[in-house]
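Quick one: the structure is below, questions incoming.
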Amino acid sequence: GLTTLILDVLKAFIPIKILLYYNPNLLTLFSLAVFFGHIFPIWLKFRGGKGIAVFIGILLAISYLHGLIFLTTWLLIALGFKYSSLSALIASIVVLIFSSINDDILITNLILALNIIIFLKHKDNIFRLINKKESKINIKK
């Protein structure tokens, strides 16, 4: 639920934000470690989530604007198409494009690397989207 999402965002946001204060040179290494630790946790036999919440936490730690661009894009696509996975994939690409225009190459390469992993982890969702079998977001009142 929403609580789990927020906790997953914070699991990435807090350590990356602290790292950026003390040693921003380790951003790529620590971001990848936090990301891989979430999607391949040892205690779940290396089977975890797809990493979007952690990606959001990393983006928010890098810059609130990056996180806001992701979340706004996700929301607009979700409202229009009702697919969470499609929303996450498109928002990931939009943030990458934004980064390639506005950031230095290290941040853009980090976001690119995370995008590649996100797309690989979402391959089943992509096939379901193509085959029109992906579950839609169900918003209950």
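The values are calculated or read from the model by the stated rules, or taken from the named source; none is laboratory data. The structure displayed is predicted, hence computed values, not measured ones. Every residue, glycine as well, gets a Cβ built from its backbone with ideal geometry; the counts of neighbours run over all protein chains shown. We work out accessible area using only protein heavy atoms, side chains counted, and drop any ligands, DNA or RNA first. Shrake-Rupley method; radii C 1.70, N 1.55, O 1.52, S 1.80 Å.
Could you tell me which of the residues Leu29, Leu71, Leu5 is open to solvent by 50 Å² or more (accessible area, probe 1.4 Å), in a helix (DSSP H, G or I), at pLDDT below 95 and under 20 Å from Ile117 (Cβ atoms)?
Just one listed residue meets the conditions, Leu5.
Please find, among Gly80, Gly48, the residue that is outside any helix (DSSP H, G or I) and either closer than 23 Å to Arg128 by Cβ or over 15 Å from the mean Cα position of the chain (by Cα) (or both).
Gly48
Going residue by residue through segment 98-109, is there one that turns out to be over 15 Å from the mean Cα position of the chain (by Cα), surrounded by fewer than 20 Cβ atoms within 10 Å (Cβ to Cβ) and outside any helix (DSSP H, G or I)?
Within segment 98-109, one or more residues are over 15 Å from the mean Cα position of the chain (by Cα), surrounded by fewer than 20 Cβ atoms within 10 Å (Cβ to Cβ) and outside any helix (DSSP H, G or I).
Please work out if Leu19 is part of a helix (DSSP H, G or I) and under 25 Å from Leu129 (Cβ atoms).
Answer is no for this residue.
Could you check Leu86 against (1) surrounded by fewer than 17 Cβ atoms within 10 Å (Cβ to Cβ); (2) in a helix (DSSP H, G or I) and say which number it fails?
(1)
Give segment 4-24 a look and list any residue that's closer than 19 Å to Leu68 by Cα and among the polar types (S, T, N, Q), or say none.
Correct list: empty.
Using the structure shown, decide if Phe119 is among the aromatic types (Phe, Trp, Tyr), free of Cβ contacts under 8 Å to residues at least 60 places away in the same chain and open to solvent by 40 Å² or more (accessible area, probe 1.4 Å).
In short, yes.
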